[in-house]
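Enquirer: For reference, the structure I am asking about is given below.
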Amino acid sequence: MRQASRAAGIGNRGDRLSALAGKVAIVTGAASGIGAAAAAALAAAGAAVALLDRNGEGAAARAKNLSGARAYAADVSDKRKVEDAFAAIARDFGGIDVLVNNAGIESVWTIERMPEAEWDRVLAVNLKGAMLCTQAAVPAMRKRGGGAVVNVASIAGKRISFSGDSSYTAAKAGLLGFTRHAAFELGTHRIRVNAVCPGPTLTPMIERNLDAARRKSVEATIPLGRWVMPEDVANAIVFLAGDGAAMCTGTSIDVDGGVLVSNGSPYEEYFARRR
């Protein structure tokens, strides 16, 4: 039987503790889940971190535990609020080097019943929000001679979403397209743009919504034998933000434990049909 274990946090890796020293990083959707893990990992790697979330109180609670971090409240789908928040961050920290576009929402409508407003809401946060935040970060990054943008997409953008709906799938597929296009367009400013594609990730929302039996059944479809943890995704984000990925742009890293290659087949079923 394969052993399942939690991912080691970035702070346990001494060789990376100063990988982003002197850099200023913004993480959107930083109050919980992957965003909170990314903020902690970036801080552990030496970056000064701005935690941006519509839930300002949640972001502030996370920021309290990170040295030099500050929290900002903004809805990433609102251009004016994004511009004001990014101007404040650039002023408070002296610049911007890294942007993690993580803020995202889901909905669960079928196409036949999808309200237009619901489609617009998901696309506004998950896709337009990443564009608005990137747009707001570019001037500050250009002043620093370059930067790194990491978009948190999903393996749903490469197949479909099972927990969300068509709006989520469309938004994440669009985010991968935006990643490629932005990488080309912003490369002339030495701004790298990449994406991470998480698979089944055990966030607090999943723990609330799925009982133990359902979580175990999902785990059985993951070749590496356990759920993806937010820290696993955060580790990939730190890599793409740092100099180790200096010549990586327009690409994506799947952090899914092998789900895409497994085609959803449990090991027991796979091996039962083979000698």
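The values are calculated or read from the model by the stated rules, or taken from the named source; none is laboratory data. Model, not experiment: these values are computed from the prediction. Ideal geometry is used to build each Cβ from the backbone, glycine not excepted, and the neighbour counts take in all protein chains shown.
Enquirer: Quick check, is residue 232 under 24 Å from residue 131 (Cβ atoms) and either in contact (Cβ under 8 Å) with a residue 60 or more places away in the chain or part of a strand (DSSP E or B) (or both)? Quick ask: steps written out before the conclusion?
Expert: On the way: under 24 Å from residue 131 (Cβ atoms): no; either in contact (Cβ under 8 Å) with a residue 60 or more places away in the chain or part of a strand (DSSP E or B) (or both): yes.
Criteria not met by residue 232.
Enquirer: Now, a different point. Scanning region 150-176 for residues that are of a type in the set (A, V, I, L, M, F, W, C) and either on the phi > 0 side of the Ramachandran plot or over 16 Å from the mean Cα position of the chain (by Cα) (or both), which turns out surrounded by the fewest Cβ atoms within 10 Å (Cβ to Cβ)? Before you say what the answer is, go through the steps one by one.
Expert: As a first pass, look at region 150-176 and keep what is of a type in the set (A, V, I, L, M, F, W, C): 150, 152-153, 155-156, 160, 162, 170-171, 173, 175-176.
Going one step further and asking which of them are either on the phi > 0 side of the Ramachandran plot or over 16 Å from the mean Cα position of the chain (by Cα) (or both), we end up with 160, 162, 170.
Details: 160: 15, 162: 12, 170: 19.
Only one residue fits best here, namely 162.
Enquirer: Looking at 222, 206, 237, which one is surrounded by fewer than 18 Cβ atoms within 10 Å (Cβ to Cβ) and closer than 22 Å to residue 37 by Cβ?
Expert: It is 206.
Okay, residues lined up against (1) of a type in the set (A, V, I, L, M, F, W, C); (2) on the phi > 0 side of the Ramachandran plot:
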residue	(1), (2)
63	yes, no
71	yes, no
76	yes, no
79	no, no
95	no, yes
99	yes, no
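Enquirer: Quick check on residue 178: is it among the aromatic types (Phe, Trp, Tyr), closer than 22 Å to residue 255 by Cα and at pLDDT 95 or above?
Expert: Yes.
Enquirer: Taking region 251-272 as the search range and keeping residues that are within 13 Å of residue 158 (Cβ to Cβ) and among the hydrophobic types (A, V, I, L, M, F, W, C), which one is surrounded by the most Cβ atoms within 10 Å (Cβ to Cβ)?
Expert: The residue in question is 255.
Enquirer: Within the set of pairs 6+ apart or on separate chains, which have a first residue in region 248-270 that is on the phi > 0 side of the Ramachandran plot, a second that is part of a helix (DSSP H, G or I) and modelled with pLDDT of 95 or more, and C-beta atoms under 6 Å apart?
Expert: Taking only residues 6 or more apart or on different chains, the pairs are 250/180; 250/183.
Enquirer: Tell me yes or no: at least one residue of region 93-105 is farther than 20 Å from residue 151 by Cβ, in contact (Cβ under 8 Å) with a residue 24 or more places away in the chain and part of a helix (DSSP H, G or I).
Expert: Here is the first cut: in region 93-105, the ones farther than 20 Å from residue 151 by Cβ are 93-95.
If we keep only those that are in contact (Cβ under 8 Å) with a residue 24 or more places away in the chain as well, we get 93-95.
Restricting the remaining residues to those that are part of a helix (DSSP H, G or I) gives 93.
So far as region 93-105 goes, yes, one or more of its residues are farther than 20 Å from residue 151 by Cβ, in contact (Cβ under 8 Å) with a residue 24 or more places away in the chain and part of a helix (DSSP H, G or I).
Enquirer: Out of everything in region 193-204 that is at pLDDT 90 or above and assigned to a loop (DSSP other than H, G, I, E, B), what residue ends up being farthest from residue 24 (Cα to Cα)?
Expert: Pass one, region 193-204, residues at pLDDT 90 or above: 193-202.
Still in the list and also assigned to a loop (DSSP other than H, G, I, E, B): 199-200, 202.
Working: 199: 28, 200: 29, 202: 28 Å.
Filtering region 193-204 for residues that are at pLDDT 90 or above and assigned to a loop (DSSP other than H, G, I, E, B), the one farthest from residue 24 (Cα to Cα) comes out as 200.
Enquirer: Now, a different point. Output the residues belonging to region 205-240 that are in contact with a Ser or Thr (Cβ under 6 Å, 6 or more places away or on another chain) and at pLDDT below 85.
Expert: Once the filter is applied, which keeps residues that are in contact with a Ser or Thr (Cβ under 6 Å, 6 or more places away or on another chain) and at pLDDT below 85, region 205-240 yields nothing.
Enquirer: For residues that are free of Cβ contacts under 8 Å to residues at least 24 places away in the same chain and aliphatic (A, V, I, L, M), scanning just region 157-174, find the one that is nearest to residue 258 (Cα to Cα).
Expert: 160
Enquirer: Only one of (1) outside any helix (DSSP H, G or I); (2) closer than 25 Å to residue 88 by Cα; (3) charged (D, E, K, R) fails for residue 159. Which number is that?
Expert: Residue 159 satisfies every listed condition except (2).
Enquirer: A further question follows. Restricting to region 137-149, give me the number of residues that are within 15 Å of residue 178 (Cβ to Cβ) and either crowded, with 24+ Cβ neighbours inside 10 Å or within 17 Å of the chain's Cα centre (by Cα) (or both).
Expert: 2
Enquirer: Residues being of a type in the set (A, V, I, L, M) and either modelled with pLDDT under 95 or part of a helix (DSSP H, G or I) (or both): count how many of those fall in region 241-267.
Expert: 5
Enquirer: Please enumerate the residues belonging to region 134-156 that are in contact with a Leu (Cβ under 6 Å, 6 or more places away or on another chain) and part of a helix (DSSP H, G or I).
Expert: Once the filter is applied, which keeps residues that are in contact with a Leu (Cβ under 6 Å, 6 or more places away or on another chain) and part of a helix (DSSP H, G or I), region 134-156 yields 137, 155.
Enquirer: Next question. Quick check: is even one residue across region 121-128 modelled with pLDDT of 95 or more, among the polar types (S, T, N, Q), part of a helix (DSSP H, G or I) and in contact with a helix residue (DSSP H, G or I) (Cβ under 6 Å, 6 or more places away or on another chain)?
Expert: yes
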